[in-house]
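The values are calculated or read from the model by the stated rules, or taken from the named source; none is laboratory data. If you're wondering where the values come from, they're calculated on a predicted model, not measured in any experiment. No Cβ is skipped: glycine too gets one built from the backbone with ideal geometry, and neighbour counts run over all protein chains shown.
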Amino acid sequence: MALPGSKSLTNRALVLAALADGPSRITGPLKARDTKLMVAGLRALGAGIDKDGTGGWAVTPTRLRGPAHVDCGLAGTVMRFLPVVAGLARGDVRFDGDPRARMRPMGAILAALETLGVRIDDDGRNCLPFTVRGTGRVPGGAATVDASASSQYVSGLLLAAARFDDGVDLRHVGRPIPSLPHVDMTVAMLRESGVEVDSDDADPSDARWLVRPGTIRAVDRVIEPDLSNAAPFLAAAMVTGGRVTIPGWPLRTTQAGDQLRTILAEMGARVALSDEGLTLTGPDVIHGIDVNLRDVGELAPVVAAVAALADSPSRLRGIGHLRGHETDRLEALCTQINRLGGQVEARPNSLRIAPTPLHGGDFETYDDHRMAMAGAVLGLRVPGLRIVDVDTTRKTLPGFADLWSAMLGLPADGAA
């Protein structure tokens, strides 16, 4: 199964390219709803982003400007990254998104931006919609943020910080940051772009990053396959005792999805990584697991689906932050698996899953791509399961149903 590029890498590459000191190219990017929204948002702010003839994008930085409107859709990276960029634009930039996007937490990053000298009008909502009153510059300096709801708060503030007058001295204070590998990805890409970043994230409850002001160097980037989007395809082999190969799986990566290798191996899979890619062979019996998924919360829905088919109970810990994602994923997983006859208990920060025989029925997705992927995995073992709105996967993986059908050797509409 050849998969398209990483959403996390693509959207970070787009922001850095739009703020760089010259033109650059992005090869092999993901072209899904989230990344198209990022492209549209950056174009609205004045960046030149054009097709380069190879399926990638050529990005030409320009002076950022308003007035502009940014549609965030339901993309966390757009609603958390671009308000920081908008602070560097001259003019007003209005942000809004899907109805569910207005429920996603934004207060911590908006407060940090105001500390750094950006004026924001949100009528006290601390969420979408809001307007950034850009002046063409951001003073920067010291700021604190509680990023316990999303690591994207930190990544968003760091990506543009080199363009602030005084850079940024950013400290997280609060509960441990979830998905911390995504911040490591941001720091690595900043350093590739010549930005000086000092980081002290050994304590995820009291981490600190120092970004010095300077130039963001233009860098041509080749985007790796999206390892998080590999989760349902690898899980398909897990639950059927089959075998799946993902070509191009990097031997070294900053993507959090790489932890699938360890998680699924602990549940019984045989995993082999080579220069050609990653091959997973499913076990005869799936084992339950007790695992902390704080750093890889996006994998939790598919891991929960596999755990529901295991031979023993599972506990997925450290995932309370998923209650603020596209939907409350803990309650959604609990509700939908239990509707099929499962025994899942949603606690404040975890899921407890006791495998039981499941039966068919509708599996609601709540406009959440990861829920649809979890439903697809369960459907391989549960006759009569019907995914409601599988097309919500276009958020990060357009054509998911066709890819699923191709893997199974079915006609292109076989997964509809």
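The table that follows gives values for the structure above.
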item	result
From the options ALA162, ALA149, residue that is aliphatic (A, V, I, L, M), more than 22 Å from ALA256 (Cα to Cα) and in the same structural domain as CYS72 (by TED's automatic domain parsing)	ALA162
The range 373-389, residues that are touching a Gly at 6+ places or on another chain (Cβ under 8 Å) and assigned to a loop (DSSP other than H, G, I, E, B)	VAL382, PRO383, GLY384
Flag for GLU266 being of a type in the set (D, E, K, R), surrounded by 15 or more Cβ atoms within 10 Å (Cβ to Cβ) and either closer than 20 Å to ALA376 by Cα or free of Cβ contacts under 8 Å to residues at least 60 places away in the same chain (or both)	no
Residue within the range 323-330 that is more than 22 Å from the chain's Cα centre (by Cα), modelled with pLDDT of 95 or more and more than 21 Å from LEU234 (Cα to Cα) present	no
Residue within the range 339-349 that is in a loop (DSSP other than H, G, I, E, B), under 21 Å from the mean Cα position of the chain (by Cα), within 20 Å of SER228 (Cα to Cα) and not hydroxyl-bearing (Ser, Thr, Tyr) present	no
Answer from THR253, THR245, THR240 - the residue that is β-branched (Val, Ile, Thr), assigned by TED's automatic domain parsing to the domain that holds PRO398 and either without any contact (Cβ under 8 Å) to a residue 24 or more places away in the chain or under 22 Å from PRO29 (Cβ atoms) (or both)	THR253
Output for the range 17-60, where each listed residue is among the aliphatic types (A, V, I, L, M) and closer than 25 Å to GLU326 by Cα	LEU30, ALA32, LEU37, MET38, VAL39, ALA40, LEU42, ALA44
Inter-residue pairs, beta-carbon under 8 Å, first in the same structural domain as ALA372 (by TED's automatic domain parsing) and without any contact (Cβ under 8 Å) to a residue 40 or more places away in the chain and in the range 336-362, second of a type in the set (Ser, Thr, Tyr) and part of a strand (DSSP E or B), 6+ apart	ARG352/SER314
Matching residues, the range 74-92, being over 25 Å from VAL211 (Cα atoms) and in contact with a Ser or Thr (Cβ under 8 Å, 6 or more places away or on another chain)	ASP92
Options ASP367, ASP402; residue that is surrounded by fewer than 21 Cβ atoms within 10 Å (Cβ to Cβ), under 19 Å from the mean Cα position of the chain (by Cα) and either modelled with pLDDT under 95 or not in a loop (DSSP other than H, G, I, E, B) (or both)	ASP367
Residue match in the range 96-113 (condition: crowded, with 17+ Cβ neighbours inside 10 Å, out of contact with any Leu (no Cβ under 8 Å at 6 or more places or on another chain), farther than 21 Å from SER148 by Cβ and not β-branched (Val, Ile, Thr))	no
When residues of the range 323-335 are limited to those that are touching an Asp or Glu at 6+ places or on another chain (Cβ under 9 Å) and not in a loop (DSSP other than H, G, I, E, B), the one surrounded by the fewest Cβ atoms within 10 Å (Cβ to Cβ)	THR335
Residue list for the range 200-229, filter: surrounded by 17 or more Cβ atoms within 10 Å (Cβ to Cβ) and within 21 Å of GLY318 (Cβ to Cβ)	PRO204, ALA207, LEU227, SER228
Those residues of the range 1-51 which are polar (S, T, N, Q) and outside any strand (DSSP E or B), in sequence order	SER6, SER8, THR10, ASN11, THR35
Criterion: of a type in the set (A, V, I, L, M), surrounded by fewer than 17 Cβ atoms within 10 Å (Cβ to Cβ) and either at pLDDT 95 or above or assigned by TED's automatic domain parsing to the domain that holds ARG12 (or both) - qualifying residue of VAL132, VAL197, VAL173	VAL173
Which listed residue, of LYS7, LYS31, LYS36, is surrounded by 24 or more Cβ atoms within 10 Å (Cβ to Cβ) and of a type in the set (Lys, Arg)	LYS7
Considering residues of the range 143-158 that are in contact (Cβ under 8 Å) with a residue 40 or more places away in the chain and under 12 Å from HIS321 (Cβ atoms) only, the residue surrounded by the most Cβ atoms within 10 Å (Cβ to Cβ)	TYR153
